[in-house]
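As structure tokens, the structure follows; a few thoughts come after it.
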Amino acid sequence: MGIKALKQVKSQIELEFPSREDAEIVLRSIEPEIRGSPSERTSTEIECQRNILKITITARDTPSLRASLNSYLRWVMLSQQILELKH
């Protein structure tokens, strides 16, 4: 019987918006997704620094990381499209 090491994978993406207000709007729009779907396979942190939105995802494996990244990027893109309608 051998010992199997658990390896985590981590990714951080930084998205630059035209203004701090836009970055904060997107942050607020995807925050419920982070709180509403806790997963045992991934954890996510999100923060806004000036006009930069930072999303950090830590996952147990690559497929989980990829799935989370795809979800967050889709939500950000949708939020961005809605923001463009207001301009």
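Descriptive notes on the structure:
- Across the stretch 2-28, the qualifying residues are those that are in a loop (DSSP other than H, G, I, E, B) and in contact with a strand residue (DSSP E or B) (Cβ under 9 Å, 6 or more places away or on another chain), and the one among them that is modelled with the highest pLDDT is Phe17.
- Residue pairs whose Cβ atoms lie under 9 Å apart, sitting 6 or more positions apart in sequence or on different chains, and linking a residue in the stretch 64-76 that is within 13 Å of Glu33 (Cβ to Cβ) to a partner that is of a type in the set (Gly, Ala, Ser) and part of a helix (DSSP H, G or I), are Trp75/Ser29; Val76/Ser29.
- Criterion: assigned to a helix (DSSP H, G or I) and either crowded, with 16+ Cβ neighbours inside 10 Å or on the phi < 0 side of the Ramachandran plot (or both) - qualifying residue of Glu31, Glu40: Glu31
- Residues in the stretch 59-87 that are polar (S, T, N, Q) and more than 13 Å from Ile13 (Cβ to Cβ) were compared, and the one that is surrounded by the fewest Cβ atoms within 10 Å (Cβ to Cβ) is Gln81.
The values are calculated or read from the model by the stated rules, or taken from the named source; none is laboratory data. All figures in this text were calculated on a predicted structure; none of them were measured in a lab. Glycine also receives a Cβ, built like all others from the backbone with ideal geometry; neighbour counts cover every protein chain displayed.
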